[in-house]
1. Answer yes or no: is there a residue in the range 98-105 that is more than 11 Å from the chain's Cα centre (by Cα) and not hydrophobic (A, V, I, L, M, F, W, C).
2. For the range 47-54, does any single residue satisfy the condition of being surrounded by fewer than 19 Cβ atoms within 10 Å (Cβ to Cβ), of a type in the set (A, V, I, L, M), part of a strand (DSSP E or B) and under 11 Å from the mean Cα position of the chain (by Cα)?
3. I need the full set of residues from the range 72-99 which are exposed (fewer than 13 other Cβ atoms within 10 Å of the Cβ) and either touching a helix residue (DSSP H, G or I) at 6+ places or on another chain (Cβ under 8 Å) or modelled with pLDDT under 85 (or both), in order please.
4. Go through the range 55-71 residue by residue and tally those that are out of contact with any Gly (no Cβ under 9 Å at 6 or more places or on another chain), surrounded by fewer than 18 Cβ atoms within 10 Å (Cβ to Cβ) and either under 19 Å from Y106 (Cβ atoms) or among the aliphatic types (A, V, I, L, M) (or both).
5. Taking P29, is it more than 19 Å from G95 (Cα to Cα) and surrounded by fewer than 13 Cβ atoms within 10 Å (Cβ to Cβ)?
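The values are calculated or read from the model by the stated rules, or taken from the named source; none is laboratory data. Since the model is a prediction, treat every value here as computed from it, not as a measurement. Using ideal geometry, Cβ is built from the backbone for each residue, glycine included, and neighbour counts are taken over all protein chains shown.
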Amino acid sequence: MSLFGKKEITGITERVLKMVSESAKDAHPNEFAAGLREIDGVISELILVPGTVSGPVSAILKLTNLPVDYSIVGVVHTHPGRNPSPSKKDFNMFGRYGRIHIIMAYPYDLDSWQAYDSTGKEIDLEIIR
């Protein structure tokens, strides 16, 4: 556990990554975005946010539509191109909401994603099978 009782996030379930992958493929060429819920230090659930708008260059999450729930630790979104690096808009979002941000790029598989902290620094998450 870290400061203020927040658990360190060390992993993400393969099931969640596969859900992001399938959702991204379905939304392509538009971006897909959703919230991430942590259970016992592992990102274990994808939270679909009502009112999310997807487009070819961005996805807009209506953060006010997220439930008040401290287990929601960040967001995931996709890039229709092959680069999972954050854009300037992504860096801005990182600082406004959550501790973990994941970007999955085309071809939307288990090798085409990267996790970042709220400052945009790359972090490693173990895939829990």
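1. First, the residues of the range 98-105 that are more than 11 Å from the chain's Cα centre (by Cα): 105.
Cutting the leftovers down to not hydrophobic (A, V, I, L, M, F, W, C) gives us none.
Among the residues of the range 98-105, not one is more than 11 Å from the chain's Cα centre (by Cα) and not hydrophobic (A, V, I, L, M, F, W, C), which makes the answer no.
2. Within the range 47-54, one or more residues are surrounded by fewer than 19 Cβ atoms within 10 Å (Cβ to Cβ), of a type in the set (A, V, I, L, M), part of a strand (DSSP E or B) and under 11 Å from the mean Cα position of the chain (by Cα).
3. If the condition is that a residue be exposed (fewer than 13 other Cβ atoms within 10 Å of the Cβ) and either touching a helix residue (DSSP H, G or I) at 6+ places or on another chain (Cβ under 8 Å) or modelled with pLDDT under 85 (or both), then G95, R96 are the ones that fit.
4. Adding up the residues that qualify gives 5.
5. yes
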